[in-house]
Every structure is written in C-alpha cells, then in structure tokens.
Amino acid sequence: MTKIADLKVKTDDQLSEQLGELKREQFNLRFQAATNQLEKPSRMREVRRAIAQIRTLQTERSRAAEAK
C-alpha cells in the first residue's frame, strides 16, 4: 500500500502516471470479480484507497497553486 508521505515527494506527472496505472488495475480487478476469478479481494480496497489518496493530493496541490 502506498504511504501518503511517499506520494507527496512525487511530481505531478508521476502522480498522474501512477493514477493511470491504478485505474487500469482497478478495471482489471472489477473484471476479475465479475467473472469470479478474483484471487485477492482486499486488493480492490487497497487500489480504491490509493486512487483516493492521489486525487486528494492533486486537489490540495491545485488549491495551493490557486492561492498563490
């Protein structure tokens, strides 16, 4: 699982790239769940939370940029 401190040191481009990878993984996990081939159901929750953490960090950064 990704730590928020690790995410804070990444650039905006790196965060966007990681978000894309997580979205693809989330899609694949949903597809596996629909076909009853999901091996680790807890991974869905981990991915969903990691996506939320990245989006939250992106929002914080964009609001900080607007305030300047």
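Helix 12-34 and the longest principal axis of the Cα set of the chain meet at an angle near 20°. Here the chain is treated with +1 on each Lys and Arg Cβ and -1 on each Asp and Glu Cβ, and its dipole about the Cα centre works out to around 240 debye.
The accessible surface of the chain, taken with every protein chain in place and a 1.4 Å probe, is 49 percent carbon and sulfur.
Starting from the exponent 0.38 and prefactor 2.2 Å, build the expected Rg for the chain from its residue count and divide its actual Cα Rg by it. That works out to 1.28 for the chain. Here is the list for the chain: GluC sites (Glu not before Pro) lying in DSSP coil, each with at most 16 other C-beta atoms within 10 angstrom of its C-beta, are Glu39. Here's the list of lysines a cross-link from Lys40 could span, going by alpha-carbon distance under 18 Å and ignoring same-chain residues fewer than 8 apart: Lys23. Modelled this way, with points 7 Å down the Cα-to-C-beta line, the labels at Ala5 and Arg45 are 2.4 nm from one another. Leu15 sits with roughly 0 Å² accessible to a 1.4 Å probe, with DNA, RNA and ligands left out of the calculation. Every helix of 4 or more DSSP H residues in the chain counts as -39500 (n - 2.57), and over all residues that averages to -27000 deg cm²/dmol at 222 nm.
The values are calculated or read from the model by the stated rules, or taken from the named source; none is laboratory data. All figures in this text were calculated on a predicted structure; none of them were measured in a lab. Here Cβ is always computed from backbone atoms with ideal geometry, including for glycine, and neighbour counts include all displayed protein chains. Side chains are part of the model used for accessible areas, which takes the heavy atoms of the whole protein and leaves out ligands, DNA and RNA. Shrake-Rupley method; radii C 1.70, N 1.55, O 1.52, S 1.80 Å.
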